[in-house]
């Protein structure tokens, strides 16, 4: 049986290693490359012969959605399985419009990730149950992308995601490679654009289901 060639793009080293370990023992999957950022992925794209790419969405530099938008025209046969912490309908649709074929939450068990790789390679469009519910709810009009979120820059969205993860300002600064004052500036801008005054309110505005 020809093994499915998989590449992993994930900025969190521990989670990247976890993904690799979770797939390496499957006889039908071969992890051929890992990348610590979207920019490194794009740098190696020309020589990458992967069938499926497990792509993190929120990364410093080029986001996962940006990577897919740039890579899909160059590698149309390559399938992208988006991996994220949050079930934000706005991100789902942005990823699908960019060319992604599947979408799975990072909390999914390894067996679900493996099943998703097989499904996407076979022509399916796998989604975690939580993601599928978000899509259905969006179509039903129960949830929609907040207008204010469209005003956020890519960096501000990264900060919101970090806030939602419970990270403190120092941790966010370390993750994004900036200083604390820059994080505070981003937070003030986020609060102003979303018309909120707290971390919890900002997270709820961007992720209404949380």
(request) Identify, from the list 91, 103, the residue that is under 11 Å from the mean Cα position of the chain (by Cα) and assigned to a strand (DSSP E or B). (result) 103
(message) I'm trying to understand the selection: among the residues of region 34-57, which are over 19 Å from residue 119 (Cα atoms) and buried (at least 24 other Cβ atoms within 10 Å of the Cβ)?
(response) 35, 38, 41, 57
(request) Could you check, for region 83-98, whether at least one of its residues is more than 26 Å from residue 205 (Cβ to Cβ) and either at pLDDT 90 or above or out of contact with any helix residue (DSSP H, G or I) (no Cβ under 8 Å at 6 or more places or on another chain) (or both)? (result) no
(message) Quick check on region 64-71. Is at least one of its residues surrounded by fewer than 21 Cβ atoms within 10 Å (Cβ to Cβ), under 17 Å from residue 105 (Cα atoms) and not assigned by TED's automatic domain parsing to the domain that holds residue 163?
(response) no
(message) For region 139-184, which positions are at pLDDT below 85, in a helix (DSSP H, G or I) and more than 19 Å from the chain's Cα centre (by Cα)?
(response) 139, 147, 148, 151
(message) I'd like to know if region 107-127 contains one or more residues that are touching a residue at least 40 places away in the same chain (Cβ under 8 Å), buried (at least 20 other Cβ atoms within 10 Å of the Cβ), assigned to a loop (DSSP other than H, G, I, E, B) and within 13 Å of the chain's Cα centre (by Cα).
(response) no
(request) Take region 177-207 and flag every residue that is buried (at least 17 other Cβ atoms within 10 Å of the Cβ) and touching a residue at least 60 places away in the same chain (Cβ under 8 Å). (result) 206, 207
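The values are calculated or read from the model by the stated rules, or taken from the named source; none is laboratory data. It should be emphasised that the depicted structure is a prediction, and the values quoted were computed from it without experimental measurement. Cβ coordinates were reconstructed from backbone atoms using ideal geometry, including for glycine residues, and neighbour counts include every protein chain displayed.
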